Amino acid sequence: MMKIRDQELTRQREELARGLEELATAENRRQETQRKLDLSLASLLDLSKGFENTLAASNKKKERLAWSVKSLQNRLSEIHLVARRNYKCFLRAKQMKGKYKRVIDRAKMALKLTERGVYTPGFRSLIRSVV
């Protein structure tokens, strides 16, 4: 009877030892999985920080580009206004050139007529238009 009881106790101890080994193995696997998860989480946090930094740098570049575009638009607007002003001045000068050319032509004609001694009825109006 003692022998059977000892055998039963031995068998129970062996089962208990196997159970403890399985439990230790499972705990080791759990710890290894936890380490892998911690490493993955740290890696994801690093990636997240990198993305945040990249996004911040991108936003700064975007702001600088927007400022540059706004500055260029303002400069273009100023240039456009100056060009319009200059074009109006050019048109006025062209118009004045035509007027002065006509006055000069009339003066030349009046000079020729006076050199020849020709005084026609339209001569006085020609002289008045020059002066």
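Every number here is computed from the coordinates shown, using simple stated rules; none is lab data. Computed from a predicted model, the values in this text were never measured in an experiment. Here the Cβ positions follow ideal geometry from the backbone for every residue, glycine too, while neighbour counts run over all protein chains shown.
Some values worked out for this structure:
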| item | result |
| --- | --- |
| The chain: most fluctuating residue of Q12, Q31, Q73 per GNM, C-alpha cutoff 10 Å | Q12 |
| Where N is the number of residues in segment 45-108, Cα Rg divided by 2.2 N^0.38 Å | 2.55 |
| Fluctuation leader among R18, R102, R64 - the chain, Gaussian network, Cα springs under 10 angstrom | R18 |
| Dipole in debye (nearest 20) - the chain, about Cα centre, beta carbon charges: Lys, Arg +1; Asp, Glu -1 | 3140 debye |
| GNM flexibility winner over the chain from G98, G19, G50 (Cα, springs under 10 Å) | G19 |
| Within straight-line cross-link reach of K88, lysines at Cα separation under 16 Å, skipping those fewer than 8 residues along the same chain | K97 |
| Reachable lysines, given that their alpha-carbon falls under 21 Å from the alpha-carbon of K36 and they are not under 8 places away in the same chain | K49 |
| Two-decimal Rg/Rh across the chain, once Rg and the Kirkwood Rh are taken from alpha-carbon atoms | 2.00 |
| C-alpha long axis of helix 2-116 to longest principal axis of the chain, angle in ° | 0 degrees |
| Helix axis angle, 121-130 relative to the chain longest principal axis, alpha carbon, degrees | 40 degrees |
